[in-house]
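**Student:** Here you go, one structure.
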Amino acid sequence: MFKATAIIFRHELRDFTRDRSTLKTMFLLLIFMPIMFSYIIGNVENLVQGEREKEKRVGVVDSLAVRDLSPFLKQQGITLIPVTNHAKDTFRSQKLNAVINETPNNELDSPDHLTANLELWTSGTNEKVLADAHYVGALIQSYGQGFGKRQLILRGIAPILTDPIQVEIKSLSEDSRSGFATLDLLVSLFGMALFYSTLHLAVDTTAGERERLTLESLFYTAAPRSALVFGKWALVALMIFTANWLVGTVFWALGEFSIFQNLLGRTETFAYSKLLWGLLIFLPICPTIAAMQIMIGSLSQSVKQAQAFNGISGILSLPLSFLIFVEQIKPLVWVPIFGQGLAFRSLLHGEDFEWLPLLVSEASTLALGALMLGLILHRFHQEKMVYSGG
């Protein structure tokens, strides 16, 4: 049995390596993918930084409180534009981020006649507009706190009493130069390498061989049907793991060496040992995905159908691209793919994760793989269905 499986494995590997053009294309894609995404993330960080540092234009409707506030805002780099209202036409013509307007004191809202009531108007509710408004609002609140402290000091209050508690934020995690977005990108790249690196190989060894009538000839050999399945499955699983290692290593090298840092705009790095731990965490997914892709190829009526269904199955990699949005949903750590992705993400960020949910998700992943492998064995043992394509 094992000897026959090894023979089939060698046969499939030789057949795979014979197609040099496909090998070159796959290799270039696996190398180019982390380079492209590193370049994109580096440039996006620069664009975001530039947008944050971009000049803020704030309209001001003249009043006593606004005149007192204006010098402070100018010191913070805010460009103040005198306006008479906060209409949308004013925002559009003056290219404003916000408009500050003082409203008359209302005894119900503010019984203290010394308190100024300011309105901060925006032109919309999208994230960029609100972020600019929150930034200006934080500056105004900072000025108000400083102004209030000065008033207390003038009234004889000791300065230490105006700020009795000092808070310093510290983290138990290790210091890392890696950016959040870049580390999350590595997890996403792992997902793409897992699901898309062997689509051609899985389809070619099943539906492709059936259309070329080479699969039928294998059934006349002395090799057991199970050896055919395990040989093909082992090859695809090995290629998935190799592709994952290659993509991760290239991504690590791009952040490790200065020549790539300067070229791609990346300045962060992470320990290679974390990459190896990631490969270990994702190891059970490799045979499961191999079983899924071979199952789809063996059950499909044609190569095109197998390619279509295998391409659609790649949607399962999407959770690894959106972990930042689901990390607070605790039950997901028990779910396959989510559990491995969240554990690897925590590892990259230097955070602790629970081993029990990870082990459960690993076991569930292997169970799914075993189930699909059983379906493949059943399919391959139905000789007439294989010959006729179903």
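**Student:** Please give, to one decimal in nm, the separation of the simple spin-label points placed at I35 and F353, each 7 Å out from Cα toward the Cβ.
**Tutor:** Reported label-point gap for I35 and F353 is 3.0 nm.
**Student:** Given the pairs K56/K95; K56/K88; K274/K330, which are separated by over 20 angstrom at their Cα positions?
**Tutor:** Details: K56/K95 10 Å; K56/K88 17 Å; K274/K330 23 Å.
Long pairs (Cα-Cα over 20 Å): K274/K330.
**Student:** Something else: Could you tell me the convex hull volume per residue, in Å³, taken over the Cα atoms of the stretch 237-368?
**Tutor:** 132 Å³
**Student:** Then there's this: If r is the Cβ-Cβ distance from T79 to Q141 and R0 is 25 Å, what FRET efficiency results, to the nearest 0.05?
**Tutor:** It comes out at approximately 0.80.
**Student:** Would you please give the FRET efficiency between W277 and R14, computed as 1/(1 + (r/R0)^6) with r the Cβ-Cβ distance and R0 = 22 Å, to the nearest 0.05?
**Tutor:** 0.10
**Student:** Taking 0.36 nm per residue of separation and subtracting the Cα-Cα distance, what length does fully extending Q151 through K24 add?
**Tutor:** Fully extending the segment from Q151 to K24 adds 38.4 nm.
**Student:** Evaluate the distance, in nm, between pseudo-label points positioned 7 Å from the Cα of K330 and of S226 along their respective Cα→Cβ axes.
**Tutor:** Label-label distance for K330 and S226, simple model: 4.3 nm.
Taken together, the values in this text are just the output of simple stated rules run on the coordinates, not laboratory data. All of these numbers come straight from a predicted model, not from anything done at the bench. Cβ sites come from the backbone with ideal geometry, for glycine too, and all protein chains shown count toward neighbours.
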